[in-house]
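Enquirer: Please read through the structure below; I'll follow up with questions.
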Amino acid sequence: MGDMTSDRPRVLSGIQPTADSFHLGNYLGAVRQWVALQETHDAFYCVVDLHAITIQPHDPALLRQRTRVAAAQLLGAGLDPDNCTLFVQSHVPQHAELAWVMECMAGYGEAARMTQFKDRVARYGTDKIGVGVFTYPILQVADILLYQANQVPVGEDQRQHVELTRDLAQRFNSRFGETFVVPEPFIIKETAKIVDLQDPTAKMSKSAESQAGVVDVLDNPASIEKKLKRAVTDAETEIRFDEVNKPGVSNLLTIASTLSGTAVADLEASYAGKGYGALKTDVAEIVVNYLTPIRERTEKWLADEDTLDKVLSAGAVRAREVAEQTLVAAYDAVGFLPGPR
Ligand code: TRP
């Protein structure tokens, strides 16, 4: 960290602590990328608990638990606190402080056009969602700008929020002078599209109706085996990659290929003449072998809360140093008097 990484481009990303475990789709999408980027970038990763309370009502005990679980899983998956800055958003007060300033820079209509916000309104109605759902993207803007991030590794669904970040950063810079780095989106290409084991037409998602089709990173081996054994396939018998006609079998091949590094074509060849049962058994074994060390490391972190909390505190101290410099510059630029901080 520090000098060692200061000439590297900076990345900032965040993940919500809203589930008891990441699932295989999250892992192969975001988390694995985060682990890789700490080697090449000056990486800041944030467990966004402030964002998590926009879904109301929330349970405080559950939020506390899920925040620790999210951090422990990131460490279990290979984030190295000596090689990146891992912290919890609420530990760094500058996020909420800058968010207010950026809310005043954003147009009401501009914020109302955010797709995720519109989806929530369509689904729940304006009386059932809090104001925080509306301002959510602007808190995300603050998350990014505070660290002067060059790149923001996110999935395609977050592109619009990164575009908003760019717009607000440019607006601020042109009104008040160069203050923020204008970040580039770094859209994580889905190297592997992982779909629900029970409904292979839907992406694997924590909001799935049934958990039977979702493999969690923290699932025990028996549960992984059960979920894979029951995976939906098709009425044929041939093991062949064909996403349109054989989405279930194709998903099993994708999972096996991504985790084992064996090309799909080689897998197809090796299963010639074999049945779906054999494929499912093998995929279960591959998944169990892959996830077991991650789960065990995560459990170790969770069993030692003091150490985990210390790592997160150290991350917050480092994050605050960077965030405070940006916040002081932004406050000064808009004309707030210098005061004790
Ligand atoms: N909104 C992001 C998501 O749901 C999470 C997030 C919050 C984030 N702050 C961020 C992502 C800053 C990238 C950068 O996935």
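The values are calculated or read from the model by the stated rules, or taken from the named source; none is laboratory data. Bear in mind that the values here come from a model prediction, so they are computed numbers and not experimental data. Here the Cβ is made from the backbone with ideal geometry for all residues, glycine too, and neighbour counts use every protein chain on show. These accessible areas exclude ligands, DNA and RNA; they are computed on the full protein's heavy atoms, side chains included. Shrake-Rupley method; radii C 1.70, N 1.55, O 1.52, S 1.80 Å.
Enquirer: Given the residues LEU267, LEU259, LEU253, which is the only one that is at pLDDT below 95 and in a helix (DSSP H, G or I)?
Expert: LEU259
Enquirer: Restricting to region 266-304, give me the number of residues that are of a type outside the set (Asp, Glu), open to solvent by 70 Å² or more (accessible area, probe 1.4 Å) and under 17 Å from LEU197 (Cα atoms).
Expert: The total comes to 1.
Enquirer: So, in region 111-140, of the ones that are under 13 Å from LEU98 (Cβ atoms) and touching a Leu at 6+ places or on another chain (Cβ under 9 Å), which residue ends up farthest from the ligand (Cβ to nearest atom)?
Expert: ILE138
Enquirer: So which of THR237, THR307 is open to solvent by less than 70 Å² (accessible area, probe 1.4 Å) and polar (S, T, N, Q)?
Expert: So the residue among THR237, THR307 that is open to solvent by less than 70 Å² (accessible area, probe 1.4 Å) and polar (S, T, N, Q) is THR307.
Enquirer: Another question, then. Mind checking which residues of region 161-192 are of a type in the set (S, T, N, Q) and within 10 Å of the ligand (Cβ to nearest atom)?
Expert: THR165
Enquirer: Name the one entry in ALA112, ALA192 that is touching a residue at least 40 places away in the same chain (Cβ under 8 Å) and of a type in the set (A, V, I, L, M, F, W, C).
Expert: ALA192
Enquirer: Please specify each residue of region 201-218 satisfying the condition of being open to solvent by less than 20 Å² (accessible area, probe 1.4 Å) and not small (Gly, Ala, Ser).
Expert: Answer for region 201-218, where residues must be open to solvent by less than 20 Å² (accessible area, probe 1.4 Å) and not small (Gly, Ala, Ser): MET204, VAL214, VAL215, VAL217.
Enquirer: Within region 141-160, can you find the residues that are of a type in the set (Val, Ile, Thr) and more than 8 Å from the ligand (Cβ to nearest atom)?
Expert: Within region 141-160, the first condition is being of a type in the set (Val, Ile, Thr), and the residues that meet it are 141, 144, 152, 154.
Result: VAL141, single match.
Enquirer: Give me the residue from region 32-58 that is of a type in the set (D, E, K, R) and out of contact with any helix residue (DSSP H, G or I) (no Cβ under 9 Å at 6 or more places or on another chain) and, out of that set, nearest to ALA314 (Cα to Cα).
Expert: GLU39
Enquirer: Taking region 56-88, which residues are under 30 Å from TYR124 (Cα atoms) and without any contact (Cβ under 8 Å) to a residue 60 or more places away in the chain?
Expert: Those that are under 30 Å from TYR124 (Cα atoms) and without any contact (Cβ under 8 Å) to a residue 60 or more places away in the chain: PRO57, HIS58, ASP59, PRO60, ALA61, LEU62, LEU63, ARG64, GLN65, ARG66, THR67, ALA70.
Enquirer: Next question. Do the conditions hold for GLU103, that is, is it at pLDDT 95 or above, out of contact with any strand residue (DSSP E or B) (no Cβ under 9 Å at 6 or more places or on another chain), within 22 Å of LEU12 (Cβ to Cβ) and more than 16 Å from the ligand (Cβ to nearest atom)?
Expert: Answer is no for this residue.
Enquirer: In region 1-29, how many residues are within 15 Å of the ligand (Cβ to nearest atom), modelled with pLDDT of 90 or more and within 21 Å of ILE53 (Cβ to Cβ)?
Expert: The total comes to 9.
Enquirer: From the list THR67, THR85, which one is under 30 Å from GLU39 (Cβ atoms) and open to solvent by 10 Å² or more (accessible area, probe 1.4 Å)?
Expert: Values: THR85 fails: open to solvent by 10 Å² or more (accessible area, probe 1.4 Å).
Only one candidate passes the filter, namely THR67.
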